[in-house]
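The values are calculated or read from the model by the stated rules, or taken from the named source; none is laboratory data. These numbers were taken from a predicted model, which means no experiment stands behind them. Neighbour counts run over all protein chains shown; Cβ positions are idealised from the backbone, glycine included.
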């Protein structure tokens, strides 16, 4: 195999590993932590009651695991959910908008090193000298997914809301 193909395959493996091993579990357990804090603030029961319902099988007590199985339950629910596309939307833009909003945030992680080396391979997808500039440039593209989502709805009010979010983002970047 040529060195170029080897480099591409290693970068692809690092990217997929980064997304599925680090970012997705980090997001799901951050949502878990947010639910715990919200439950404390609102003085209600939080996700610490989620577990394996053994009482449905005739046992006297459930296993709770302190709610740590809640992200797994959320993932199962997401996978089994019905796909619903409204009839009045522009279908291409409706499905393209979430990808346009998500891709820049994933691209920003490409220049963040997660360690020095692992088996002699650097733990960064793209080792560039302008990493901070890359993160700022790519993160400014994420708001275009919101504009595209407003446009896909075929409603002028949703589109104006998307444009308003873009203007607010530009205004905040101008003052930063």
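For region 1-22, which residues satisfy the criterion of being closer than 16 Å to residue 117 by Cα and surrounded by fewer than 11 Cβ atoms within 10 Å (Cβ to Cβ)? Within region 1-22, 7 is the sole residue that qualifies.
The residue pairs whose first member lies in region 150-175 and is in the same structural domain as residue 136 (by TED's automatic domain parsing), whose second member is part of a loop (DSSP other than H, G, I, E, B) and surrounded by fewer than 16 Cβ atoms within 10 Å (Cβ to Cβ), and whose beta carbons are closer than 7 Å, counting only pairs six or more residues apart or on different chains, are 152/90; 154/88; 154/90; 173/140. Of all residues in region 1-60, those satisfying the criterion of being more than 25 Å from residue 76 (Cα to Cα) and not in a helix (DSSP H, G or I) are 1, 2, 42, 43, 60.
Name the one entry in 132, 147, 138 that is part of a helix (DSSP H, G or I) and exposed (fewer than 11 other Cβ atoms within 10 Å of the Cβ). Going through 132, 147, 138 in turn, the sole match is 132.
The set of residues from region 70-92 being assigned to a helix (DSSP H, G or I) and in contact with a helix residue (DSSP H, G or I) (Cβ under 6 Å, 6 or more places away or on another chain) comprises 70, 71. All conditions in (1) assigned to a helix (DSSP H, G or I); (2) surrounded by 13 or more Cβ atoms within 10 Å (Cβ to Cβ) hold for residue 124, with the sole exception of (1). Of all residues in region 93-121, those satisfying the criterion of being assigned to a loop (DSSP other than H, G, I, E, B) and within 21 Å of the chain's Cα centre (by Cα) are 112, 113, 114.
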